[in-house]
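The values are calculated or read from the model by the stated rules, or taken from the named source; none is laboratory data. Here the structure is a predicted model, which means the values were calculated and not measured. Note that each Cβ is placed from the backbone with ideal geometry, even for glycine, and that neighbours are counted across all protein chains shown. Surface areas here come from the heavy atoms of the whole protein model, side chains and all, with no ligands, DNA or RNA. Shrake-Rupley method; radii C 1.70, N 1.55, O 1.52, S 1.80 Å.
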Amino acid sequence: MTVQEAPPVTAPARKPRRKGDGRAAALYLAPAGILLAAMLAYPIYQLVLISFYDYGQPQATGNAPLVFLGFANYTDLLSQVQFWTVLGKTVGFAAACVVGSLLVGTGLAVLATRVRALPRALLFLAALGAWSTPAIAGSYVWLFLFDTDFGLVNEVLSGIGLPFEHHSWTFGTLGAFGLVAAEVIWCSFPFVLVTMYAGIKGVPDEVLEAASLDGASTWRTTWAILLPMVRPLLMIATVQSIIWDFKVFTQIYVMTNGGGVAGRNLVLNVYAYQQAFAGQEYGLGSAIGVVMTLLLLSVTGLYVRSQRRSAAWL
């Protein structure tokens, strides 16, 4: 009796890319690329240029000459304890918003595929209302709902016996960040909902029927079949959410009255605004903008690279 060894398991060979694919993709992307370059190249150039100068109100009005500082603004910025504190808060706040938007949007997208036409239409109408509401209007609506003296939320919570009478939701750091994050998620989840719903509806019915016949549960089908098949769309939604939530300005500025008490709720965008316009240090504010742009490009590049590597094994 002989024992045969099992053949070694090798990774599946990747499908070779055709030579014309890159050229065709470049031609399709060229109009959008030219438009983006025309709209972004000059502002980014000016942002980087100003960050190398001592550029304040006298220089902006022409009453004083420009003084080239080199990387002095960046050195000054990176040596500030407040900058690193604000950066940490920004990263934590953006991460909470991104995760919340993805969870709420993806969960509602799965739900939308399993309900009838009327509830699905009402869900999309409600999401469209949240998506179309201007950020400043939505911020004031949420402030009114969570108002200390007249807010509906405090009235309901105190009415059921909870100690929320005259409770201030924007005084504490965590409470204010949590309130703003909830409003940001409310504005952001419709994009994830529509994107993921389109991806889920594009999954062949035969695949889902085969999983059902094999006895796979709803959770198992969602985790093992739907999510891997809609990974490209999930990557797009994640990258967009990272970019939007990392540079939130309006909600923080309006709902915390410019960054909270003693700047406890500052994020990088509001911090840059305070340095550039309130402090009239346009060079330092531009340096903060450049650092934000580099951070976003780095995070987005790393995320796309990791997703491409993991997609090769699907």
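Points to keep in mind about this one:
- Burial ranking of peptide ranges 266-275, 239-248 (average Cβ count within 10 Å, highest at the top): 266-275, 239-248
- Restricting the calculation to Cα atoms, every distinct pair contributes to the Kirkwood radius of region 140-193, found to be 11.9 Å.
- Per-bin percent of Cα-Cα distances, region 87-233 [10 Å]: 10, 30, 30, 20, 10, 1
- Tail beyond 22 Å, pair distance distribution of region 53-135 (Cα, percent): 60
- The chain: most fluctuating residue of 38, 237, 25 per GNM, C-alpha cutoff 10 Å: 25
- Å² per residue, accessible surface of the chain at 1.4 Å: 62
- Cβ-based charge dipole, the chain, positive-most Cα from 261, 251, 71: 71
- Rounded to 10°, Cα long-axis angle of helix 231-246 versus longest principal axis of the chain: 10
- Sequence ranges 164-174, 200-210, ranked by mean other-Cβ count within 10 angstrom, highest first: 164-174, 200-210
- Using alpha-carbon coordinates, inclination of helix 19-50 to the longest axis of the chain, degrees: 20
- Kirkwood radius and radius of gyration were both taken over the C-alpha atoms of region 30-99, and their ratio Rg/Rh is 1.12.
- Charging the Cβ of each Asp and Glu at -1 and of each Lys and Arg at +1, and nothing else, the dipole of the chain about its Cα centre rounds to 1320 debye.
- Computed [θ] at 222 nm, helices only, for the chain once each DSSP H run of length n ≥ 4 contributes -39500 (n - 2.57): -22000 deg cm²/dmol
- Around residue 114: net Lys/Arg minus Asp/Glu count, Cβ-Cβ under 14 Å: +2
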